[in-house]
Amino acid sequence: MNKLVLFLFLCLPLVVNAQFFEVGASVGSSNYRGELSSNSSTIDFKETNLSAGALIRYNFNHLLAVRVHGRYTTLSGNDANSRIELIQDRNLSFSTNIYEVGVTGEFNLLGFDPQSGSVSPYLFGGYTFFKFNPQTDIDGVVYDLQPLGTEGQGLAEYPDRIPYKLNQWAIPFGLGFKYALSENIHIGLEVGARKLFTDYLDDVSLTYPDPLLFDRAGTGNIAIQLSDRSNSSNEKTGFGRGDTNATDWYFISNFTITYNFLESGTIGGRRFGRRSKVGCPTF
């Protein structure tokens, strides 16, 4: 037992000295996949939007890091982009601002050591909290869709359809590539997905409700128009408005730049944190 304690004590500096702390920013693009991207069959690159954010990253050692990030982007979709006539006929569209804050862990596959001008791919995953609010317009007037209950949410006739929450959790995951331009400045490219727990990012999920019920809900003519905007006049109550996929997704691709501002060895800065080429002592 005493040898084990001494072993861990002597090896601890090799881990602690590799720690460093970064702050930075990212800019890139976002895309959405759901009902309004050809019924979740594709990512519609016509609906690519700008994404920007900031991050703080703490590196425990050359392999493991954790970061906190904040991000803003816009997501959008439109049935008019589809090549399928039935989807074009549905004639729905949406856009939403996305505000997200998340915590993710990173694993550097080759190890990341800025002292040596390191290059490494990495994997990441974690949790993100995001806020959204799907909107669309009629004749240039923009409407928030969630309060209108376009699929009968809140109506007694549809007890299983409750209004969806505009604040949700998601699981971000993906891969990236980082490079140390210098000991202080690091750049990277990253591609990630957000696994959502809602199918209402685009306000579309289930079947068409009975339009005669909207007056009773107090949403009236606007809700009727935005629930069924199809070009055909067929009766649609009970027919599919959404697809069979359980949830929507969105994707972020971005370029990152960070600055390592800790140079003091008092808390494991890199000046005193060169990775030792000598292993732990043996007994």
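Just so you know, all these numbers are worked out from the coordinates, no wet-lab data involved. All of these numbers come straight from a predicted model, not from anything done at the bench. Every residue, glycine among them, receives a Cβ derived from its backbone with ideal geometry; neighbour counts consider all protein chains shown.
The calculated FRET efficiency for the pair residue 195 and residue 72, based on their C-beta separation and a Förster distance of 25 Å, comes to about 0.80.
Considering only 176, 227, 238, and ranking their Cα positions along the charge dipole of region 152-253 that arises from unit charges at the beta-carbon of Lys, Arg, Asp and Glu, the one farthest toward the positive end is 176.
Based on C-alpha pairs under 8 angstrom that are at least 6 apart in sequence, region 21-262 has a relative contact order of 23 percent. Report the local net charge at residue 112: Lys and Arg +1, Asp and Glu -1, summed over other residues whose C-beta lies under 10 Å from its C-beta. Around residue 112, the surrounding residues sum to -1. Neighbours of residue 78 by Cβ distance under 12 Å: Lys/Arg scored +1, Asp/Glu scored -1, total -3.
When only the Cβ of Lys, Arg, Asp and Glu is charged (+1, +1, -1, -1), the dipole of region 21-262 relative to its Cα centre reaches about 660 debye. Between residue 261 and residue 80, the FRET efficiency estimated from the beta carbon spacing at R0 = 45 angstrom works out to 0.40.
Label sites at residue 41 and residue 141, each approximated as a point 7 angstrom past Cα along Cα to Cβ, lie 3.5 nm apart.
Seen from residue 132, the other residues with C-beta closer than 14 Å to its C-beta sum to a net charge of -2, counting Lys and Arg as +1 and Asp and Glu as -1. Excluding same-chain neighbours fewer than eight residues apart, the aspartates and glutamates reachable from residue 46 by a Cα-Cα span under 17 Å are 35, 79, 202.
Normalised by residue count, region 21-262 yields a Cα convex hull volume of 125 Å³ per residue.
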